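Each reported figure results from applying straightforward, stated rules to the coordinates on display, with no laboratory input. This one's a predicted model, so the numbers in the text were calculated from it and none came from an experiment. Here the Cβ positions follow ideal geometry from the backbone for every residue, glycine too, while neighbour counts run over all protein chains shown.
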Amino acid sequence: MKIETLKNKKLTLTNKGRLELIFIGVGSAFTKRQYQTNLLIIKGKDHILVDCGTRCTEALVKLGISPSDIRTLLITHSHADHIGGLEELAITGRYVTKRKPVMIINDTYEHFLWEMSLRGGCGHNEKTAHQILTFRDYFDVIRPHRLNEHPRETFGARIGGIDIKMMRTMHIPDSSPDWRSSFWSCGVLIDDRVLFTSDTRYDADLLTYFDETFGLDAIFHDCQLFTGGVHAGIDELKQLPGEIKKKLFLTHYGDNWGDFKTTAKQFGFAGFAQQHVRYIFD
Ligand SMILES: [Zn+2]
Ligand SMILES: [Zn+2]
């Protein structure tokens with residue numbers, strides 16, 4: 001894996017065919033300096049924006065990308081730092097550009113995302129009174145298929161040259177003993193080589209299973225700089241085997257991350273993931 005800075009701090013949505021990950025932000029839900037943890041995957045002519053939080057569209061514009069140029073979305077769960085910018089994309093697509101983005105989403109989560117979040121702002125037609133709109137009026141859908149060979153509920157999809165596996169994670173509530181009893185949330189395995197956990201509590205089995213099965217090149221993991229609540233604490237992540245920690249980059253962290261740079265190194269992590277650089281996998 002190579003890390004490159006962005007030329008002129010600007011980004012394009014295509015490349016020559018190599019897998020690139022660019023964090024639109026790396027911060028927690030409450031960060032004021034690092035947007036939030038939303039990830040852009042680019043490979044050849046294909047791209048996927050994983051999550052679109054409240055501050056995501058502003059960050060995209062700073063990188064030279066019009067939010068309406070985002071064609072493919074994958075949403076990991078319904079907290080506002082992951083879906084807060086979706087209504088803007090949906091309404092812009094319907095009423096301004098007249099182009100629906102595509103979302104990779106299974107039927108269970110489509111129901112939650114629409115009925116419990118998006119419908120409040122998007123359910124009424126802005127042009128025709130009394131016409132109730134649906135999720136499909138805003139998004140085209142790619143249904144991932146269930147991959148039964150994995151013990152944890154996992155779904156797969158292919159977007160052009162990008163292979164995606166979405167596995168259930170253990171994020172909400174803080175009392176749930178496993179992914180089964182947690183509200184819908186997922187992590188993403190990209191091209192069977194890079195794992196992005198999105199938000200999750202400490203769940204060693206998630207990492208050891210996918211690393212043993214796929215021999216991961218890198219892991220980008222949720223990290224809270226204190227322990228407790230619905231995220232993985234840095235003190236919990238330190239218990240992981242050294243082989244995993246050395247390829248694990250911390251994401252979704254607080255604005256005080258600079259105070260933990262030395263700690264992260266001492267614990268054996270690859271470091272804190274940085275926003276607005278290219279992580280390149282040849
Ligand atoms: Zn979050
Ligand atoms: Zn969350």
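Here are the numbers for this structure:
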{"item": "Relative contact order %, region 2-281, counting alpha carbon pairs below 8 Å whose residues are six or more apart", "result": "19 percent"}
{"item": "Where a label projected 7 Å from the Cα of D217 along Cα→Cβ would reach, residues of region 120-163 with amide N under 14 Å", "result": "162-163"}
{"item": "Helix 204-214 axis, angle to the chain major axis (alpha carbon atoms, nearest 10°)", "result": "90 degrees"}
{"item": "Angstrom value of the Kirkwood radius, inverse mean 1/r, which spans all Cα pairs in region 129-282", "result": "16.8 Å"}
{"item": "Rg over Rh [alpha-carbon atoms, Kirkwood Rh] for the chain", "result": "0.95"}
{"item": "For the chain, size of Cβ-based charge dipole, Lys and Arg +1, Asp and Glu -1, in debye", "result": "1060 debye"}
{"item": "The chain - mean residue ellipticity at 222 nm from DSSP helices (-39,500 (n - 2.57) per run, n ≥ 4, rounded to 500)", "result": "-4500 deg cm²/dmol"}
{"item": "Net charge, F155 excluded, C-beta distance under 10 Å - Lys, Arg +1, Asp, Glu -1", "result": "+3"}
{"item": "Efficiency of FRET between E126 and T208 - r from beta-carbon atoms, R0 51 angstrom, step 0.05", "result": "0.55"}
{"item": "Stretchable slack from E87 to Q274, in nm (0.36 nm times residue separation minus alpha-carbon distance)", "result": "64.7 nm"}
{"item": "Sum of side-chain charges, F30 neighbourhood, beta-carbon under 10 Å (Lys, Arg +1; Asp, Glu -1)", "result": "-1"}
{"item": "Long-range amide H partners of T200 with built H, under 5 Å", "result": "D222, A232"}
{"item": "Using a Förster distance of 30 Å, the FRET efficiency for L147-S181 (Cβ separation, nearest 0.05)", "result": "0.90"}
{"item": "Computed E for K265/D107 - FRET, C-beta separation, R0 35 angstrom, nearest 0.05", "result": "0.20"}
{"item": "Neighbourhood charge, 14 Å Cβ-Cβ cut-off, centred on E115 and excluding it, Lys, Arg +1 and Asp, Glu -1", "result": "0"}
